[in-house]
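What follows is a short report on a single structure.
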Amino acid sequence: MNRRVVALLSLLLVVGCEPKRPPAAPPHLGPAASRPGTPASDRPRTTTDTAGPSNPAEQLRLIHVRVGQLKGVRRWQKVLKRELHNSTDGGEAAYYYQKGRLAKIEARNYGETGRQLAEYYLWPDGQLAFVFETDYEYNQPYYQDSAWVREMGGGERFDFAKSRIKKTRSYFVQNQLMPLPTDPARSTSEAVKRRAAEQKRLRADLTDLLHTLNAPN
């Protein structure tokens, strides 16, 4: 047989035995993380993955990035409001949606001797990322105005500017309240117990807010 014919037949056999490659994903589906059916091992990891970053500094950085993204939103897709009844003077919760998902909650509670603003920042999968609480303790009950002082013959009147303000920041990784790496006592038994109690409180508060959101009007 002619050598050229033999070479041509060999080339055709090699080409025919090559495995077929799957077609490339359409550009609109984006990277592998956004394509359905992509194995978890092929997706880029985030801090909400099971084996997310173990470095506390990197965990905090990712949380700060997420909070910064949500604070930078100028127009939310949807904002729902609900009344709260957890304090003497009631309150209000606002639920902020982005890309069809709940991304942030603001809860305000009012009382005679103070008020609180609690901000909950969520990951796209709905897990907690960060909670920022601002508590105001009034110098006097708000009803003790100038008229009240005159009527009572003296005393200190209510002055919001004299309120004591306490700010609390809580960082979550894998839905767990993380110890701050700057806290030298973070590993003591007392710190662990305190962190567990705080985590339970914050989770319960978030659960109550979600129940309020989904409760029938």
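Since every read-out is calculated from the coordinates, none of them should be taken as a lab result. In this text, all values refer to a predicted model and were calculated from it rather than measured experimentally. Using ideal geometry, Cβ is built from the backbone for each residue, glycine included, and neighbour counts are taken over all protein chains shown.
Go through region 103-187 and name the chymotrypsin sites (Phe, Trp or Tyr not before Pro) that are in a DSSP coil and have 10 or fewer other Cβ atoms within 10 Å of their Cβ. Qualifying residues, ordered by number: Tyr143. Straight-line reach from Lys99: taking Cα to Cα under 28 Å and skipping same-chain neighbours fewer than 8 places apart, the lysines in range are Lys71, Lys78, Lys81. Pair-distance distribution P(r) for region 64-217, from all Cα-Cα distances in 5 Å bins starting at 0: 2, 8, 14, 17, 17, 14, 11, 8, 5, 3, 1, 0 percent.
In region 111-163, one over the average inverse separation of all distinct C-alpha pairs is 13.3 Å, which is the Kirkwood hydrodynamic radius.
Counting every other Cβ atom within 10 Å of each residue's Cβ, Asp145, Asp183 order from fewest to most as Asp183, Asp145. Extension gain for Arg75-Ile165 works out to 29.5 nm (0.36 nm per residue, less the C-alpha to C-alpha distance).
Per-peptide packing, taken as the mean over residues of other Cβ atoms within 10 Å, places 56-62, 71-77 in the sequence 56-62, 71-77 from highest down. Count Lys and Arg as plus one, Asp and Glu as minus one, and take only other residues whose Cβ is under 15 Å from that of Ala161; the net charge is then 0.
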